[in-house]
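The structure appears right after this line, and notes come after that.
The values are calculated or read from the model by the stated rules, or taken from the named source; none is laboratory data. Because the structure is a prediction, the values reported are computed rather than measured. Using ideal geometry, Cβ is built from the backbone for each residue, glycine included, and neighbour counts are taken over all protein chains shown. We work out accessible area using only protein heavy atoms, side chains counted, and drop any ligands, DNA or RNA first. Shrake-Rupley method; radii C 1.70, N 1.55, O 1.52, S 1.80 Å.
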Amino acid sequence: MTHDLGFWTLQTLNALQLSMLLFLLSIGLTVIFGLMHFVNLAHGALYALGAYFAATIASTAGFWVALLVAPLGVAVVGMALYGGLISRMRKSGPMAQVLVTFGLIFVLLDLSRIFWGDLALAINTPAALSGRVDIMGTGYPAYRLFIIALGVAIFAALALILSRTQIGAMIRAGVDNDAMAACMGINVERLFFIVFCVGCALAGLAGAVAAPLLSVTPGMGLEILIPTLIVIVIGGLGSLKGAIAGSLIYGFVQTFGAVLLPGVASILIYALLAAVLLLKPVGLFPAKG
Amino acid sequence: MFRHTPLRYAALIVLFSGAVFTAFTAGYFGMEILTEILILAILVLALDLVAGFGGMVSLAHGALMGLGAYAFVALATKGGLDPVVAAAAAIAITAGTGWIIGAICARSHGIYFIMATLAFGQMGYSYFFERPFFGGDDGMVGPGRFDLSFIGVDLNDGRSFALFCLALLGLVYLIAVATLRSGLGRSLTGVMHNEKRMRALGLTVWRVKADVFGISGAMAGLAGVLAAQHIMFISPKMLHWTVSGEALVVVILGGLGTLVGPLIGAVAFVVLKHELSHVTTYWHLIVGLVLIAVVMSRANGIFGFIEARFGPRTDRMIQSIQTRDDAKEAVKDA
């Protein structure tokens, strides 16, 4: 099995697909943390919300509309959270933030149960992407390739924005030293707000693209939260490089671990996290040295 | 350092007499809830010891509790050890594991510490979830409760078991207070407030953290042993990170770093949970809202609020009585 080229192609693509999904989630979380020093445990709940929005919209207006509207809907929810809770929690310590967002997980979980019920929802992959694509002799679902492509496109766009545009420079300045950035005339509070909304929209996008792949359940946000946190801690908080590196490490270790070392696969990633924290207590590519 | 204010004594007396009163009056269901509160209280005391006095916010304590339960059940049923010996061994194992986790994580701070402990906890969860030897996700059936018939106590009686847990909770509380008053506990608080300065003073910081984490791990292990005896069944769910998260919620709800507060938090949480789950299946929603409200109010939990509101007044009262007594004595001496 391991000498077959098809096997390696298939597993590499699976790993990439998982990595890209995690990247969409972790980039928002990590930049929010890097910029605002805010630990948002409810990020996973926003992802679940994105999946629910997508499932509801897709059943009437089709998948592509859902893919566009669901992230916007989640961004609106994010704005409400920012105005109601998060802007008030900015000055309190990480402990209080962890707890408020932990409470928020409970609230959003039960609200989605109230609105959508306990049963899993399913949405179909769009017709254009329901087939398989032949890659080096291996048939691979087109929809999963679409996720990989989407992840790469978002990564490229964010890398360009962060390194080449004015707002990117402002964000990098804010991550590096927010007090100094404010002194230089950057409206840091507005920057926080924009980044928070974009982060929420990306979480919603991740939920919307994951919805046809996995079934949409109230617990899905809680399930994805831990992998996302592992990604950003392995990668180092606040940086794009860290988010993509962490996502790839997680995706490959998890996928190949599951097929090559099934006995220890689930422990492997936690052991890796512990090892990284032991050797580099702030992760591999932290935004601040 | 940890001090017993009059208010704390009063709260302890109220809690203790409430527990004893419930133990002698409650029916079967009430007794189950009381026992659940007492076991949770041991776990949250362990967590408050590291989080409230050492700044080590741990998400591994649920896993340490589960490890204690698994070690106890496996040693007693598969190893054929006497339950008491198995329990002692299980507590020793969780103490050792806690010490190692504390030593490894000692360099991490803040969110990284939380994540590192989370990683160790989830590692344990995955391990027990996948090992057929430990029953996998089906869990295991426990060996039954301790045989205390030599002192005439039958723990299979709900009331005796509740009182037994209460006695052990008292013991754990005393150990926690003794730890905090010892040199180790004072060093720990020093490390929490200024780690660099303590290191400059020549303290081996990681040893202090590891030692206290080990003591806390032993307490969590005891909670696991008792939980395994209480419901006579264990499953990997006990090790899941959400158990640790809930324990943290209880500590915060009650009042971080007060020892007494988490006890109040345990009572409030379990009672709230049971009462709400009668009324609605969405009890998490209400617990979440309460948690958000408590944290946003900026009070240090329920007990922190009470202390801030009434603490100074009771202190003043005691003080005025004392000065009056002193004045009398001075008059007498003159």
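One residue alone among A:284, A:277 is within 14 Å of chain B (Cβ to nearest Cβ) and open to solvent by 50 Å² or more (accessible area, probe 1.4 Å), and that residue is A:284. Of the residues making up the stretch B:235-244, one or more are within 30 Å of residue B:3 (Cα to Cα), within 12 Å of chain A (Cβ to nearest Cβ) and either in a helix (DSSP H, G or I) or modelled with pLDDT of 90 or more (or both).
For the stretch B:140-160, check the following and say yes or no: at least one residue is under 30 Å from residue B:15 (Cβ atoms), within 14 Å of chain A (Cβ to nearest Cβ) and of a type outside the set (Ser, Thr, Tyr). Checked against the condition, which is being under 30 Å from residue B:15 (Cβ atoms), within 14 Å of chain A (Cβ to nearest Cβ) and of a type outside the set (Ser, Thr, Tyr), the stretch B:140-160 yields no hits at all.
Scanning the stretch A:1-51 for residues that are small (Gly, Ala, Ser), more than 14 Å from chain B (Cβ to nearest Cβ) and in a loop (DSSP other than H, G, I, E, B) yields a count of 0. Would you confirm, using the coordinates I've provided, whether residue B:119 is crowded, with 18+ Cβ neighbours inside 10 Å and within 11 Å of chain A (Cβ to nearest Cβ)? Yes; evaluated as a whole, the condition is true for this residue. Does the stretch B:155-162 contain any residue that is in contact with a Lys or Arg (Cβ under 9 Å, 6 or more places away or on another chain), open to solvent by less than 30 Å² (accessible area, probe 1.4 Å) and within 17 Å of residue B:233 (Cβ to Cβ)? Yes; the residues of the stretch B:155-162 include at least one that is in contact with a Lys or Arg (Cβ under 9 Å, 6 or more places away or on another chain), open to solvent by less than 30 Å² (accessible area, probe 1.4 Å) and within 17 Å of residue B:233 (Cβ to Cβ). Among residues of the stretch A:72-88 that are farther than 11 Å from residue A:196 by Cβ, those with a beta-carbon under 6 Å from a residue that is in a helix (DSSP H, G or I) and open to solvent by 30 Å² or more (accessible area, probe 1.4 Å) at least six positions away or on a different chain give the pairs A:73/A:53. Filtered by the rule that a residue be basic (Lys, Arg) and either out of contact with any Ser or Thr (no Cβ under 9 Å at 6 or more places or on another chain) or outside any helix (DSSP H, G or I) (or both), the stretch B:1-50 gives a lone residue, B:3. Given the structure, is residue B:102 more than 14 Å from chain A (Cβ to nearest Cβ), of a type in the set (Gly, Ala, Ser) and either in contact with an Asp or Glu (Cβ under 9 Å, 6 or more places away or on another chain) or within 26 Å of residue A:99 (Cα to Cα) (or both)? When the stated conditions are applied, residue B:102 does not pass them. Only one entry in A:268, A:248 is at pLDDT 85 or above and either within 14 Å of another protein chain (Cβ to nearest Cβ) or open to solvent by less than 20 Å² (accessible area, probe 1.4 Å) (or both), namely A:268.
Can you pull out every residue in the stretch B:275-313 that is polar (S, T, N, Q) and surrounded by fewer than 16 Cβ atoms within 10 Å (Cβ to Cβ)?
B:277, B:280, B:281, B:297
Please specify each residue of the stretch B:124-141 satisfying the condition of being open to solvent by 40 Å² or more (accessible area, probe 1.4 Å) and without any contact (Cβ under 8 Å) to a residue 60 or more places away in the chain.
Just the residues of the stretch B:124-141 that are open to solvent by 40 Å² or more (accessible area, probe 1.4 Å), to begin with: B:125, B:127, B:129-133, B:137-138, B:141.
Answer for the stretch B:124-141, where residues must be open to solvent by 40 Å² or more (accessible area, probe 1.4 Å) and without any contact (Cβ under 8 Å) to a residue 60 or more places away in the chain: B:127, B:130, B:131, B:132, B:133.
Counted as qualifying within the stretch A:85-195 are no helices (runs of 4 or more DSSP H), as none has 3 or more residues that are of a type outside the set (Val, Ile, Thr), at positive phi and more than 14 Å from chain B (Cβ to nearest Cβ). Residues in the stretch B:258-293 that are within 11 Å of another protein chain (Cβ to nearest Cβ) and of a type in the set (Gly, Ala, Ser): B:288, B:293.
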